[in-house]
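Student: Okay, handing you the structure first.
We did not get these values from a lab; they are worked out from the coordinates using the rules stated. The model shown is predicted, which means the values in this text are computed figures rather than measured ones. Cβ placement follows ideal geometry from the backbone for every residue including glycine, while neighbour counts extend to all protein chains displayed.
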Amino acid sequence: MSFFLTTVLAALDDGGDRVLFHQNGVTTYHQARDRLLRLHSGLGEVDVVAVDLTNRPETLLVQLAALLRGATVLLVAASAPRQDRLAAAAAAEVTTVVTDRPHEWPGGDVRTLDDLDGEPQELQLPDAVRLLFPTGGTTGTPKLIRHSGIYDGMAYIFTPSPDGPGRTLLVAPMTHMTGNATVLGTLLRRDTIVLQDGFDAGAVLKAIQEHRIDTLSLTPPRLAAVLDHPALATTDVSSVRSLSLGAAPLPPHRLAQALDVFGPVVGQGYGLTEAPMIASISAAELIGHPERLGSVGRIVPGMEARITDGEVEVRGLSMMDGYLGGPEVGAGWLRTGDLGRFDDEGYLYLLDRADDVVVVGEHGTKVPSTVVEHALATHPAVRAAAVFGKHTVDGQVLHAVIVATEDLTAEDIQAHAREAFGQEHYVPASVAFVDALPLTGVGKVDKRALKAAFSS
């Protein structure tokens, strides 16, 4: 029998009347268990189930119900364009869809939560669980990632704290690897999770104070929104014991600011949907070492990493099984698509996504867009910056999109880049100003949307 599912069921039994979910009221562990059993019965015999639901308790419970049926589960990225969702379902050969937007799915076995209710039946646990995730990139059509073994790993890693139950805030989609691991970790630890469907910086601060949140994770753009929110000055954030940052490189000055606001509880991690945990760095490693503010940390136990032709390659225990339709990864190396370097102490620094490097000038100089973004973000009147390549008749040039806190001109931004780098090819050839950068559903800057908007 699946160790993961056995452990999840034991946690639901042990939790009793303790609150598991907090969202528009509360759901206890036993209420969640009872709902899971009815969903399992209502689902019936299924083969490949797509879960297309927003952040709510039933999203996790439908996933677990399908896994208890022995089905393969495709977790549909909530923010993905409709054509990508349908393409992922077709590639996975989905037989059943559970969704709260049935009108967006073509004919077939498409159900809503109202269709999934039945009298509990005896459970027959499968030997293993099988899940599919679309890749989390923002620049192209997603591939499907197969995961199974890491869920048994979660059941070993996430255990109740000797300090008693904690409170976790989740704003990432539960159908994304980060959100999925967070909600499952909370359940396995017998903690309480406060769910928010979507991100609002003011709502995050309110939840931290109202629910005495001790654990949360944010992407760099969402952290910036929290740090810049006017309510921060009057919000009690002293309950936070772990603030994890990840999903994209974090500007060093923002990490320093977070340490000032939240104290020595801020850490950063690096992972992919293909390999959820690769590196991490704690507050203790950052304090007194400002040079490490740009690092994503050291490689975690059980994983290995190397740099090949500038690109980070990884292998180890948290790896995916493979891509759907592709070979097993096994002990082979995975090319991450991230460019990076190690320092003498083994700390990893990410420079850019390989696809986001912009080749400019007559000599073909390679400019990492992330490096330029971080430099531009140090301007006191710049709240956020995104940089990418823009095609012209003379070749690619750097284009910057800026969110400013006061009136700025393109010349101001270019002068700041020129001063920061002292090299002209790092200076954006053109600059646009916007009220906010578009974000994906998981909180990354959506460069695909930016490139489409500024392609002309």
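Student: Two decimals, Cα atoms only, Kirkwood Rh: what is Rg/Rh over region 199-354?
Tutor: On the way: Rg = 16.9 Å, Rh = 16.6 Å.
Ratio value, two decimals: 1.02.
Student: For the ranges 155-167, 177-189, what's the packing order if you count other beta-carbon atoms within 10 Å of each residue, average per peptide, and put the highest first? Provide the component values of the computation, followed by the final result.
Tutor: Working: 155-167: 13.8, 177-189: 22.3.
Ranked from most to least packed, the peptides come out as 177-189, 155-167.
Student: Under the Kirkwood approximation for Rh and a Cα-based Rg, what ratio Rg/Rh is obtained for the chain? Provide the component values of the computation, followed by the final result.
Tutor: Working: Rg = 22.5 Å, Rh = 23.2 Å.
When Rh is taken as the Kirkwood radius, the ratio is 0.97.
Student: Which residues among region 16-56 fall inside the zone where the amide N is under 14 Å from a point 7 Å beyond the Cα of Asp200, along Cα→Cβ?
Tutor: Residues 24 fall inside that zone.
Student: Rg and Dmax of region 293-332, using alpha carbons, in Å: what are they?
Tutor: Taking only Cα atoms of region 293-332, I get Rg and Dmax of 12.2, 39 Å.
Student: Another question about this same structure. Ratio of region 89-237's C-alpha Rg to 2.2 N^0.38 Å, to two decimals?
Tutor: Numbers: Rg = 18.6 Å, N = 149, 2.2 N^0.38 = 14.7 Å.
Working it through for region 89-237, the quotient is 1.26.
Student: So how long is each side of region 357-453 along the principal axes, counting just the alpha-carbon atoms, biggest first, in Å?
Tutor: Extents along the principal axes, in whole Å: 36, 27, 21.
Student: Roughly what % of DSSP beta bridges within region 199-354 run antiparallel, to the nearest 5? Provide the component values of the computation, followed by the final result.
Tutor: On the way: 20 of 27 bridges.
Approximately 75 percent, going by the DSSP bridge assignments.
Student: Assuming a strict under-30 Å limit between Cα atoms, what lysine pair count do you get for the chain once near-sequence pairs (fewer than 8 apart, same chain) are dropped?
Tutor: Going through the chain pair by pair, I get 14.
Student: While we're here: For region 154-287, what number results from the quotient of the Cα radius of gyration and 2.2 N^0.38 Å?
Tutor: In units of the 2.2 N^0.38 Å rule of thumb, it is 0.99.
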